Amino acid sequence: MECPNDAWPLAGDAGMSLVSQGPNGSWSHLGMEAIDIGVDGIPIVAMHNGTISTGENSCGRWVTVASTCGSSFVSMYGHLGAITVSNGQNVTVGQELGISDNSGYPTCSTGPHLHFEFIKNGATPKVQKPFLKRDVPVGCVDFSACN
């Protein structure tokens with residue numbers, strides 16, 4: 001089985017109808033398999049088991065999880081206000097990684113949201129089912145088009 005599978009990066013499936021930009025969205029995702037979820041202050045959770053790396057630059061704070069679940073995945077969770085894990089820490093599915101926010105404003109963020117993407121074997125796979133619990137329309141750039 002591939003992993004992650006049928007997962008969502010927010011605790012309790014929060015934000016399932018709050019996607020503000022989809023893969024290849026013209027705001028900032030051209031050529032990227034990434035989604036933005038318009039939430040603020042919501043716990044971000046690991047979509048798969050893995051090992052943590054954290055970082056911060058002008059685009060904000062982020063956490064990556066390098067998979068230990070049998071496939072070569074790295075998932076990235078960006079624009080976090082707080083990071084609740086440490087570099088090198090092992091995490092399991094559903095474990096809190098941090099809190100969504102607007103870090104990186106105004107350089108790389110225009111409002112509170114989670115920027116989520118993942119890479120498999122050095123390539124970016126489709127950010128859709130079966131990896132996510134729901135499909136997100138390619139190229140969408142607002143709540144009405146993305147949900």
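The values are calculated or read from the model by the stated rules, or taken from the named source; none is laboratory data. Predicted, not measured: the structure shown is a model, and the values here were computed from it. Cβ placement follows ideal geometry from the backbone for every residue including glycine, while neighbour counts extend to all protein chains displayed.
Tabulated results
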| read-out | value |
| --- | --- |
| Within the range 1-20, tally of residues that are surrounded by fewer than 21 Cβ atoms within 10 Å (Cβ to Cβ), in contact with a strand residue (DSSP E or B) (Cβ under 9 Å, 6 or more places away or on another chain) and among the polar types (S, T, N, Q) | 0 |
| Single residue of the range 48-90 satisfying the filter (within 20 Å of Asp36 (Cα to Cα) and part of a loop (DSSP other than H, G, I, E, B)) that is modelled with the lowest pLDDT | His48 |
| Counted residues, the range 2-14 - those being touching a Ser or Thr at 6+ places or on another chain (Cβ under 8 Å) and either at pLDDT below 85 or assigned to a loop (DSSP other than H, G, I, E, B) (or both) | 4 |
| Matching residues, the range 21-35, being of a type in the set (Gly, Ala, Ser), crowded, with 17+ Cβ neighbours inside 10 Å and over 15 Å from Cys108 (Cα atoms) | Gly22 |
| Qualifying residue in the range 58-67 (condition: crowded, with 16+ Cβ neighbours inside 10 Å and more than 23 Å from Asp13 (Cα to Cα)) | yes |
